[in-house]
Structures are given as structure tokens and as C-alpha cells.
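Working notes, structure below.
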Amino acid sequence: MSLTPGGMRDGRDNVLKLMNILGNPQDTLRVFHVTGSNGKGSICQMISQVLWKEFGKKVGLFTSPHFIKINERFQINGIQISDERLEILYEKVIGLAKQYSIPLSFFEIQVVVMVLYFQEEKVDYTVVEVGLGWTYDGTNIFTKPLACFITSITLEHTHVLWKSRQTILKNKLGILKKTSHLYSPLRHSLIEKTCKKIWAHSHYIKTPSTVLTNLSWKHQQRNAQMVLEALMYIGFPAKKILEGLHNIYNPGRFEWLAPNILVDTANNKENIKILENMVQKVCGKKKIITLFWTTQTDALYAAELAQTIQADQRILVDDFCDRSLPCSAYADNIDHKEIIHFFQEPEKIKKWLSDNKNTIVIYGSFYLIGEIMRVSRYKPFA
């Protein structure tokens, strides 16, 4: 994690330089490339699980960030890479970067490791979730993806992706390649112009009227429709795809860790509002306690997110990573009971979770959800 002291950065040139030295192994992979503001992880899980559970394919899955261990980012048919194999690949990639004087960031190293691992394992398909998700994203190294997906557009990472939905969409369209197929629920003239310019094919996806997946709520049905159409186009039969879509496990997304503990990785205004609606429908008039932490760096925006969900009591969590705001930066703007310093008080959190009988909704960050999974002795991915 110390390899990128300044946090996220844009750029793929260094990855491409190393790929070229290695003989461009990324070109041997059959890739589904997924970008968008919300829903990327869900689509990746759907594609991966349908292909290996229903069709017996060997599928590599690359996602970020991770909940508990970095190994989660590299999976084949649901099995995370071993510590030993990951160490070998890290040493190889870092060694090559030093040998050829190619500076690689934390995320760029993960991308190269992913390509080498899936190539060595001879996977049938590779499902790749973007990082920042734009033209110069570290994952944007595949010349002939089987399918590209843009799930949604919200105002995110504006320091890199600019400050309007149109410019963010333009940047995310950068993953599209000549003659490739794009699946998206977005209907926008910019999509049509971009596809026409590079002879790509645009598939506009409507939300189906029928239930296609076991994952909750309307937006997941739309995600499932994208996966159904993309896999059908490649040649997989609809019946088995639909059977697979009804048996998807998506860790950390509207997931109950206990009868009264709900976690969700909602971390921006749009998906937290979706979570709020879901909580209201499922929990009704039960007493709600929220636990919140975010990596957002805008104090006013963080305060807005922390109080989007209507709650009888709010608790803020602090001390997670250097790039996040301390809760004190926005706590004065929020009606809250207390601030918990997570790593200073792990036993307090653990006891609080086990003793509290009210409905607890925990949201705001992958890292918060991962730590809650860990301290509550919950077994993610079991």
C-alpha cells in the first residue's frame, strides 16, 4: 500500500510498457471489461459466477478494492490466489519494474499481477473491474475485449475525471475499442457518436419487467439484463444464464451479517439513496442505528452521506486510512451519538455488535465493511 503515497493516480502508459516487454500477455485473455460509477462489482460477480457455475468455465475475476485480504482481488472460480503465489508474482513484477526502470503505482502492480496470473492459469475468460474507470485507467490495456459495460454515471473522482457527467461519461467510454460491443442502460448521444466513430456496437439495456436475479432491487435487475444480453450474444443459452443469475453471491452488498446487522458498500449519493429506500422497505418502523465511515475528502459531501439514511442514532467511525477525512472535519454538521476510533477500540466495536439488538446499518466504505466482517468473526466468501 505504501507504493502510492499520494493515493490514486491516473495513467496506463507504464503498464503498457511492461506488457510490451513481456510480449503483451494481456492479448491472450478473453476479457469482459466493466466500468461505471455504481454496479461494477455486481456485474463482475454475475458474469464470473454464471460462467463457472453454470457452464463449467475457468474464469479469472479481478476486482477492487478488497474487504479483508488483498488476495480477494485475484480469484479463479471463486478461489482467491494463495499467499505464496501472490508473493512470487509480486516479486517478479516489482523486479521487472526495477530492471527496466518503469515506475509502477500500487494499482498498476495489481493489474500486471492479474494478467500474469490469469495467463499462467490459462483461464477461459477474464472479468475485469476498472480502477478509476476511464481512458487512462491502469486496466485499459485490452485491445479486443469480448464485451464492455458502463453501468451508471455519477459525479466521482472529479479531480481526474472532470466535473460534469458528460465529461465523466466521455472518459469512461475510453475503455471501448474498435468493433467491440458496449452494454449500458445509458441512452446518450455521446455513446452513439463514440461507437459510430470507432465502428463499435452499442446495446441499450432497459430494466426488465420480470425478476432476473436473486440480488435485491431494480438496479440489479438491470445489471442482470446486461449480463444476459452480453452472454447470449457470445452464444451461451439464455435458460442456463437465467438459472445462474438466480444464484449470485455478492459480498458486502445489502448483506445481512446477522439477523440485525446489515452491511452495504454504498459510498456515494446515488447508491446510498438506493440503500435508504431498501432499508425503509425492509426494516419498516424498526429502530435503526447507522455506522458510517467514508474515504470522501469533501467535508460537506461526507456530512451529507452520513445522514442520508434516516436513523434513530448515528455513530461515526474514524482512523481508517490517510486519504480519508477525520470525522471531526464534518461531525459538527451531523446529529450523531459518538465517534468510535476503530483500531483503538476493536473490542468495543465487537462487543457493541454482539450486544446490540437494534437494527444496525453499516455503510460508506469497502474498508469499513471488511473490518466489520473481520471483527464480527463473519466468514466472507464462505
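For the stretch 26-97, pairs of C-alpha atoms spaced more than 20 angstrom apart make up 38 percent of the total.
Each Lys and Arg Cβ is given +1 and each Asp and Glu Cβ -1; about its Cα centre, the chain then shows a dipole of about 1300 debye.
Rounded to whole Å and ordered largest first, report the semi-axes of the equivalent ellipsoid of the stretch 192-241 derived from its Cα gyration tensor (root of 5λ).
On the way: eigenvalues 114, 44, 9 Å².
Taking √(5λ) for each eigenvalue gives 24, 15, 7 Å, largest first.
How much mean residue ellipticity at 222 nm does the chain get from its helices, if each DSSP H run of length 4 or more adds -39500 (n - 2.57) and you divide by all residues, to the nearest 500 deg cm²/dmol? Value at 222 nm, helices only, nearest 500: -11000 deg cm²/dmol. For the stretch 215-278, with all protein chains in place and a probe radius of 1.4 Å, 56% of the accessible heavy-atom surface sits on carbon or sulfur.
Under a point-charge model restricted to the Cβ atoms of Lys and Arg (+1) and Asp and Glu (-1), what is the dipole moment magnitude of the stretch 250-382 relative to its Cα centre, in debye to the nearest 20?
Numbers: 17 positive and 17 negative charges, 140 e Å.
For this selection, approximately 680 debye.
Taking 0.36 nm per residue of separation and subtracting the current Cα-Cα distance, fully stretching the chain between ALA299 and TYR233 would add 19.3 nm. For the stretch 3-138, a simple Cβ point-charge model (Lys and Arg +1, Asp and Glu -1, everything else neutral) yields a dipole of about 120 debye relative to the Cα centre.
Over every Cα atom in the stretch 35-152, the radius of gyration and the widest Cα-Cα span, Dmax, amount to 14.1, 44 Å.
Share of antiparallel DSSP beta bridges in the chain, in percent to the nearest 5? Don't jump to the answer; show the numbers that get you there.
Working: 8 of 43 bridges.
Roughly 20 percent of the DSSP beta bridges within the chain come out antiparallel.
Take every Cα pair under 8 Å whose residues are at least 6 apart in sequence, average their separation, divide by the length of the stretch 85-209, and the relative contact order is 19 percent.
Rg/Rh, computed from the Cα trace of the stretch 254-382 with Rh as the Kirkwood radius, has the value 0.92. Take the Kirkwood radius over Cα pairs of the stretch 172-285, plug it into Stokes-Einstein at 20 °C and 1.002 mPa s, and you get 132 µm²/s for translational diffusion.
The values are calculated or read from the model by the stated rules, or taken from the named source; none is laboratory data. These numbers come from a predicted model, not from an experiment. All Cβ positions, even for glycine, are placed from backbone atoms using ideal geometry, and neighbour counts span all protein chains on display. We work out accessible area using only protein heavy atoms, side chains counted, and drop any ligands, DNA or RNA first. Shrake-Rupley method; radii C 1.70, N 1.55, O 1.52, S 1.80 Å.
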